[in-house]
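Below is one structure; the comments refer to it alone.
The values are calculated or read from the model by the stated rules, or taken from the named source; none is laboratory data. All values derive from a computational prediction rather than experimental measurement. Note: ideal-geometry Cβ built from the backbone for every residue, glycine included; neighbour counts use all protein chains shown. Each accessible area value is taken on the protein alone, full model and side chains, heavy atoms only, with ligands, DNA and RNA left out. Shrake-Rupley method; radii C 1.70, N 1.55, O 1.52, S 1.80 Å.
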Amino acid sequence: MNRKHRAILYGLAIGDGHISYRTRYKDGKYRYEQAELRIGHGPKQRDYLEYKADLILSIFGGKRPKVSQVSHTLKNGKTYLGYRFAKTDKYFRQMHRVLYRENRTKSITGQVLSYCDEVSLALWYMDDGTILSNKNKKGEITSLGFRICTQFSDEDEAKFVVEWLKEKFGIEAKYFKSKDKFDIGGATQATLTLVSVIKDHIHKSMLYKIQPAFDFVFRKSAKHPNFKPETGEDIV
């Protein structure tokens, strides 16, 4: 597995992806491990899910994972439709050992983040991120803030991510409590830097998630031609 492909797979697994692991027995006596990457999204994100299936195909070749419609009925009787695909490969066994605790919950460690790059971050952001904005009376965006709904139960995980964002990408993020768990976020400059890092890896169906940053930079650039994000390049 090369570095680029590994980064994509970890990006797919960290956010909305899940690696299912189980031990099975062939003919009732030969033990073997099976690990499967499963990813699902709602109807509005079907194009995004198809894009993820294409990424899997580009890495493993062979047959493209089939995107299937699934339904889930709640106790109140309401049924929700969605789409999902699954891919089984022996590499996911190794990923499961790195990414999951003994109780089979995800754990973001320094080792996990060492495998990630800007594509991993873009996938994570598209899954769990958003940009909030404030506007003046004219409807112009005056400030920004990004959030990634990580919902870490362990504060150390949040610290790892904040340090990784700063050291690898120059993103000045912070972590904060949300519903007794920890999310990641940042103010205007951090948001602009984040977008400059991930913009080339955002799927067209998810561009709305970074649009506020483009609107803000355009407004500021119009009034202040020398305005640049922290990376030194205008993202408009």
Tell me, yes or no, whether the stretch 158-170 has at least one residue that is in contact with a strand residue (DSSP E or B) (Cβ under 7 Å, 6 or more places away or on another chain) and among the aromatic types (F, W, Y). no
Exactly one of (1) modelled with pLDDT under 95; (2) touching a Lys or Arg at 6+ places or on another chain (Cβ under 8 Å); (3) hydrophobic (A, V, I, L, M, F, W, C); (4) not in a strand (DSSP E or B) is unmet by I108. Its number? (2)
Restricted to the stretch 68-97, and to residues that are farther than 29 Å from L113 by Cβ, polar (S, T, N, Q) and not in a loop (DSSP other than H, G, I, E, B), which residue is least open to solvent (accessible area, probe 1.4 Å)? S68
Pairs, please: C-beta under 8 Å, at least 6 apart or cross-chain, first residue charged (D, E, K, R) and in the stretch 49-60, second open to solvent by 30 Å² or more (accessible area, probe 1.4 Å)? D54/R64
